[in-house]
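The values are calculated or read from the model by the stated rules, or taken from the named source; none is laboratory data. None of these values were measured; they are calculated from a predicted model. Heads up, the Cβs are rebuilt from the backbone with ideal geometry, glycines too, and the neighbour counts pull from every protein chain shown. These area figures cover heavy atoms from the full protein model, side chains too; ligands, DNA and RNA do not enter into them. Shrake-Rupley method; radii C 1.70, N 1.55, O 1.52, S 1.80 Å.
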Amino acid sequence: MRSPPPRDCGALIARIAQAQDRDAFAEVFDYYAPRVKTLLVKSGSPPAAAEELAQEAMLTVWRKAASYDPARASAAAWIFTIARNLRSDALRRGSSALHAFDATFGAEAPAQPDAILSGAQDGACVRAAMRSLNPDQAQAIEMAFYQEQTHSQISQALGVPLGTVKARIRFGMMKLKAFIEREMRGAE
Amino acid sequence: MSARRHPSEERLLAFAAGTLSAPEAVVVATHLALRPRTRTWTHLAQAVGGSVLDDLEPTPLDNGAFASVLDRLEAAVPDEAREAVRAPAADHALPAPLRGFDLSPWRWAGPGVHVRDVLGPRDGDCRVILLRIAPGQSAPRHTHAGVELTCVIEGAYATDDGVFEPGDFEEADPSVLHQPRVVSRAPCLCVAALDGQIVLPGRLGKLLAPFVRL
């Protein structure tokens, strides 16, 4: 049986930032390090590299805990972004200069009321939105996260035309956006 | 139908998933810096990335992995100290995503057209350039060997699809002959990801080909 995510992972990260709390770090590590490793293996990293990058990702969580802003992203999205950046650094040079910009989730822009932004920090809402997709759309979107390189590989893996993959992703994304906007309006 | 002026949802998803090539990611990031509203899509995509991560089956780490990471925490340099040793940003006033890169000198690339390389982001033949085109000038008519992503930084140009202004993003169609014309009073500055060489058709292309290196 799969364990549920730590109840308030954002609070654990805050304890790491404020008090270098190793117990909090252990909880985050136990849950996310093995999932980051799976993500990397599914993205094509050899197991040894996936192990190394998963450990590196957890070190980054420790080091950068102070820059995590729960108002802008769920802990899972933040850790996903850290893993993603390490993966692209490992794969190609020339991308690291970008991360300083996008890892902030646009924190330099004035915060404005945005249903997506408030919905996106709510992991449960995003998961519910994913469940509202039809299976083809959900699969195409999920694959986009761990397939290294492009939608044409997804197209090959699924045996459907590239245009179909793009359409599934596009309509799936629009559906997710509409779902979250509707749910967040309902919450007001 | 007017052309879209932002990246497609599937390209934004690939950006958030980290599967775009570095040159493409630089152009998309420039668009996001200039058009904060498009970030809704990347926020959404990153949130979906988090939910995908939560739903993955765990793969156990090696024995002793946690202890090994704890050991390295002792040596982990606090973030502030790392910021201080980072090299100063390159000396140019471009949108934030471009500031971390050095630039080549400008070189002439046709009447009224100058280009310079954004050094660093490369993926095979794909690379990033800045294009500066004088008011009233057209870029040389060209077809595309590969995908070309363009984001306007300053000024404006027009194509058959309409006017493109700062922040506007254009994905060139390889089958279309493309001849953007600058319609702003000031020069138009764009960042572009090019895959391979741009092909200049016709006699001008043959004349310029030996001299022009985009």
Reported set for region B:159-214 where residues are among the charged types (D, E, K, R), at pLDDT below 80 and within 15 Å of the chain's Cα centre (by Cα) is B:D195
Check your understanding: Is it the case that some residue within region B:20-35 is open to solvent by less than 40 Å² (accessible area, probe 1.4 Å), free of Cβ contacts under 8 Å to residues at least 40 places away in the same chain and within 14 Å of the chain's Cα centre (by Cα)?
Key -> yes
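Using the structure shown, decide if A:R63 is over 21 Å from B:P60 (Cα atoms) and at the interface with chain B (Cβ under 8 Å from one of its Cβ atoms).
yes
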Going through region A:1-32 in order, the residues found to be at pLDDT 90 or above, of a type in the set (D, E, K, R) and out of contact with any Asp or Glu (no Cβ under 8 Å at 6 or more places or on another chain) are A:D21, A:R22, A:D23, A:E27, A:D30
Per the filter on region A:35-47, residues buried (at least 18 other Cβ atoms within 10 Å of the Cβ) and over 15 Å from B:G49 (Cα atoms) are A:V41, A:S45
Region A:88-186: helices (runs of 4 or more DSSP H) wholly inside it with 3 or more residues that are modelled with pLDDT under 70 are A:96-102, A:115-120
